[in-house]
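Presented below is the structure to which this report refers.
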Amino acid sequence: MKTEITELLGIEYPIIQGGMAWVAEHHLAAAVSEAGGLGLIGAASAPADWVREQIQKAKALTDKPFGVNIMLMSPYADDVAKVIVEEGVKVVTTGAGSSEKYMKMWKEAGVKVIPVVASVAMAKRMQRAGADAVVAEGCESGGHVGESTTMTLVPQVVDAVEIPVIAAGGIGDGRGIAAAFMLGARGVQMGTHFVVTTESQVHENYKDMIIRAKDIDTRVTGRTTGHPVRALRNDMTKKYLALENAGASMEELELLALGGLRKAVVEGDVKNGSVMSGQIAGLVKEKLSCQELIQKLVTETDALLKGTGMYE
């Protein structure tokens, strides 16, 4: 299963685990990398010292390449960007902003830079800035979402840039990976399915809610604030959407959502917390190890793409 992405990142399979806040820590990232994919540590809004510690712990668990996802809106983004270089991290993915200000420093240190984009314009801008590849993420994904679907976004980004494109959003099995390749992607990024793996440190209540989810069980909150977020429906999403429809202020909405992801991931409060998940949750039916999941994905994809010449 060799593509430009496996060669670029030095990995066995073109499968990247999403850098999900509070979810993507060193146990999960190391397990995904050990299984032949690319694991990511989600820096989110964490201070640089925490990120450094996570990187060092991941190194103790795997000698294979792994990366860090930086949320560029984080107040610690400048410090985390330096930690990436100091710790010799091989790959960085970026979201919620533009990575241009760090590009020179990262490229000089040999870091592969892969921004997550939700539009053709941003993909072109990131290519001009020196990105090695882009993740084109459709609105089917969990957490912060754009407007375009994966099905429409990926081929348009593929046509617009010369660097490899990684598809994300709504991919949960070999059929999704095969479809992404047919759309022109050279790799995939997946989040929701990795949340329920045995190595994921997420509270079992969170995992169970994903396993039980049906196709219609996600909701998007925050459209009026300009920061839409997809999560599984619960008491919190119901209250949020009611407030939003009633024209509540940004402050009221922020207060309701404050610390919501931590509540769900760490404390297991899946009623009042934010159970971020992609629309693919309805496809996720079992808890597997990262090794089992990746092997299952590869076997399914190989069977579908055999003879198409899509990859070696």
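Considering only 240, 265, 81, the residue lying farthest towards the positive end of the dipole of the chain is 240, judged by Cα position with unit charges set on Cβ. Surface exposure of the chain, expressed per residue as accessible area with a 1.4 Å probe, stands at 43 Å².
For the chain, what does the helix formula give at 222 nm: sum of -39500 (n - 2.57) over DSSP H segments with n ≥ 4, over the residue count, nearest 500 deg cm²/dmol?
Per the formula, -12000 deg cm²/dmol.
Summing Cβ point charges (Lys, Arg +1; Asp, Glu -1) relative to the Cα centre of the chain gives a dipole of roughly 320 debye.
A simple count of charges around residue 301, restricted to other residues whose Cβ falls under 11 Å of its Cβ and scoring Lys, Arg +1 and Asp, Glu -1, yields 0.
Using the Cα centre of the stretch 113-171 as the reference point, and only Cβ charges (+1 on K/R, -1 on D/E), how large is the resulting charge dipole? Debye, rounded to the nearest 20. Before the final figure, lay out the partial values.
Working: 3 positive and 6 negative charges, 38 e Å.
Dipole about the Cα centre, nearest 20: 180 debye.
Highest GNM mean-square fluctuation among 149, 224, 94, for the chain modelled with Cα contacts below 10 Å: 224. From the Cα gyration tensor of the stretch 94-218, with a ≥ b ≥ c the square roots of its eigenvalues, which class applies: rounded if a/c is under 1.5, or else prolate if a/b is larger than b/c, or else oblate? Prolate.
Given charges of +1 on the Cβ of Lys and Arg and -1 on the Cβ of Asp and Glu, with all other atoms neutral, how large is the dipole of the stretch 38-163 about its Cα centre, in debye to the nearest 20? Don't skip to the answer; put the middle values down first.
Numbers: 13 positive and 15 negative charges, 53 e Å.
Using only the charged Cβ atoms, the result is roughly 260 debye.
Remark: relative contact order (the chain) = 17 percent; criterion is Cα-Cα distance under 8 angstrom and separation of 6 or more residues.
What net charge is computed for the residues neighbouring residue 153, neighbours being all others with C-beta under 14 Å from the C-beta of residue 153, Lys and Arg scored +1, Asp and Glu -1?
With Lys, Arg at +1 and Asp, Glu at -1, the net is -3.
For the stretch 187-312, with all protein chains in place and a probe radius of 1.4 Å, 53% of the accessible heavy-atom surface sits on carbon or sulfur. Loop-located GluC sites (Glu not before Pro) in the stretch 196-287 (DSSP state not H, G, I, E or B) with no more than 11 neighbouring Cβ atoms inside 10 Å: 286.
When a 1.4 Å probe is rolled over the protein heavy atoms, the share of accessible surface on the stretch 17-94 that falls to carbon and sulfur comes to 54 percent.
Here the relative contact order of the stretch 60-144, from alpha carbon pairs under 8 Å that lie six or more residues apart, stands at 24 percent.
Suppose we keep just the DSSP beta bridges with both residues in the chain; what percent of those would be antiparallel, to 5? If you can, show how the numbers build up before the last one.
Numbers: 7 of 34 bridges.
Percent antiparallel among DSSP bridges in the chain is about 20.
Counting Lys +1, Arg +1, Asp -1, Glu -1, what net charge surrounds residue 210 among other residues with beta carbon under 12 Å of its beta carbon?
Numbers: positive: 207, 212, 214, 285, 287; negative: 204, 208, 217, 286.
Result for the neighbourhood of residue 210: +1.
The values are calculated or read from the model by the stated rules, or taken from the named source; none is laboratory data. Please read these numbers as outputs of a predicted model, since none were measured by experiment. FYI the Cβ positions are ideal-geometry reconstructions off the backbone, even for glycines, and counts take in every protein chain you see. Side chains included, ligands, DNA and RNA excluded: accessible areas come from the protein's heavy atoms. Shrake-Rupley method; radii C 1.70, N 1.55, O 1.52, S 1.80 Å.
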